[in-house]
1. Which value, in debye to the nearest 20, describes the size of the charge dipole of segment 4-446 about its Cα centre when Lys and Arg Cβ atoms bear +1, Asp and Glu Cβ atoms bear -1, and nothing else is charged?
2. Could you tally the net charge around S225, taking each other residue with its Cβ under 15 Å from the Cβ of S225, Lys/Arg +1 and Asp/Glu -1?
3. Lys and Arg at +1, Asp and Glu at -1: add these up for the other residues within a Cβ distance under 9 Å of H26 and post the number.
4. Which residues' amide hydrogens lie under 5 Å from the amide hydrogen of S56, considering only partners 5 or more residues apart or on another chain, with H built in the peptide plane?
5. Suppose R0 equals 56 Å; then what is the FRET efficiency for T348 and R291 from their Cβ-Cβ distance, rounded to the nearest 0.05?
6. For segment 161-310, report the % of Cα-Cα distances exceeding 23 Å.
7. When a/c reaches 1.5 or more, the comparison of a/b and b/c decides; with that in mind, is segment 127-226 rounded, prolate or oblate per its Cα gyration tensor?
8. Modelled label-to-label distance, H68 and R396, 7 Å Cα→beta-carbon offset: nm?
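Read-outs: derived from the displayed coordinates by stated rules, not from any lab. Model, not experiment: these values are computed from the prediction. In this analysis, Cβ positions are derived from the backbone assuming ideal geometry, glycine residues included, and neighbour counts consider all displayed protein chains.
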Amino acid sequence: MKKMKDLVLVSVDDHVVEPADMFTRHLSAQCLAAAPHVAVNPDGRAVWLFEDRPVSTIGRHAAVGRPHEQWGLTPSGFSDLREGTYNASRRIDDMNANGILGSVNFPSFPGFAGQAFWQARDRTNAARVVRAYNDWHIDEWCASAPGRFIPNAILPLWDIDLTLAEVRRVLDKGCRSICFPDNPAAYGLPAIHDDLWQPLWQLCNDAGVVLNCHLDSERQTPHASPASPIDAWLTAAPFGVVNSAADWLSASFWFYYPQLKVVLTSSGIGWLPYFLERADQVFRQHSAWTRANYGGLLPSEVFRRHFMISLVDDPVGLAHCDRLGTDSILWAADYPHADCNWPNTPETLWESLNTLAEDDIRKITHENAMRLWHYNPFATLAPQDCTVAALRRQSRHVDITPMPIQRHSEDRLMQRRVTSGDVLSAAGGLAASTPAMHHGREASKNQS
């Protein structure tokens with residue numbers, strides 16, 4: 001691979017802004033009355049409501065397509081968003097313009113693991129909504145463009161029996177990726193070390209289903225104070241995954257599930273060499289009294305067998321990827337979030353990749369993702385049509401001109417240094433509103 005134009009790019013961390021009509025074809029008219037729906041707040045902002053409470057503003061993290069100066073502004077609704085954020089056909093246009101072949105999409109309004117549904121008062125209805133969400137995502141969004149999307153399902157994690165049933169159901173649809181919180185205990189669910197999860201680990205191990213853990217930086221990375229410049233939080237946000245990574249790595253169940261795979265997304269890799277070095281050091285220095293047992297392996301060896309981790313643009317991490325092993329590294333565009341370099345992703349990525357061996361470039365940019373999720377776009381698309389150059393030739397009609405938000409209520413953000421308090425206020429406090437949930441095998445029977 002001699003040139004950037006020859007790259008084949010599969011992004012393992014993108015997001016969909018769910019369209020307002022997403023449930024209409026997947027729930028009956030009677031059930032639609034209790035489904036999430038879009039409403040407009042008195043301040044003019046569109047929000048998703050579920051059980052008469054606001055869950056999320058529309059497109060709160062969707063920044064692509066706007067001038068950089070407006071990335072801190074909250075869209076009023078769909079009209080302030082690039083159409084590719086919520087329209088599958090336009091998403092393919094934007095992927096082509098960015099030279100991207102394949103994409104894993106995480107949810108937006110339900111949270112990155114579907115956590116908005118875990119606190120529902122009516123658990124029977126919530127389980128129905130989760131199934132409808134997955135049907136929309138797999139049968140409508142992903143199926144609209146064969147070979148271009150990798151399905152990624154959410155789960156009713158408040159009940160293990162419902163969870164197992166839903167994994168089997170989406171597996172029958174060809175979905176091998178499930179959204180799972182990087183730290184379920186942070187949501188009032190049992191910790192990953194609880195025996196309750198063992199049937200899920202076993203099912204994923206046996207069926208080749210990937211646990212896809214997206215960092216919830218709003219929960220895992222605290223703001224220093226409302227007066228703190230938002231730059232401080234943005235700098236620290238990816239490091240919120242470190243505690244979760246250490247927790248997963250320290251689990252005692254890995255040698256029971258030799259095929260189990262966990263993906264840690266939205267974290268970067270630059271911190272990882274020291275993390276693994278420290279994990280091995282702790283094992284050698286302290287395992288005599290901590291009773292740590294990795295089945296005869298070092299923690300770093302367990303990580304390389306069971307974990308995958310993604311980068312957006314990480315020159316430091318790639319400079320040390322020989323210490324990590326490129327079999328464990330994935331790549332992500334993070335469309336439409338503000339870390340995304342759309343529509344210039346290949347140019348930015350190539351600056352970091354071009355010194356690596358061709359085999360390593362192929363692994364990081366697409367081969368590892370294809371192997372992990374049993375994803376074979378070449379069964380649908382000719383390989384020569386899947387490169388950056390070929391995809392961009394299909395997007396000459398796509399307008400990539402930045403489009404500013406014309407109407408917003410946050411002009412003050414344009415006048416001075418933006419703080420954590422400004423951003424939290426603009427979000428309406430929704431990001432921090434998730435209470436603890438009940439959990440157990442009987443939860444769905446007792447909470448309906």
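1. Working: 38 positive and 50 negative charges, 92 e Å.
Using Cβ point charges on Lys, Arg, Asp and Glu, segment 4-446 gives about 440 debye.
2. Values: positive: R417; negative: D231, D422.
Charge balance near S225 sits at -1.
3. Surrounding charge for H26 is -1.
4. W48
5. E between T348 and R291, to the nearest 0.05, is 0.80.
6. Considering segment 161-310, 42 percent of its Cα-Cα pairs are separated by more than 23 Å.
7. It is oblate, given that a/c is not under 1.5 and a/b is not larger than b/c.
8. Rounded to a tenth, the inter-label distance reads 3.0 nm.
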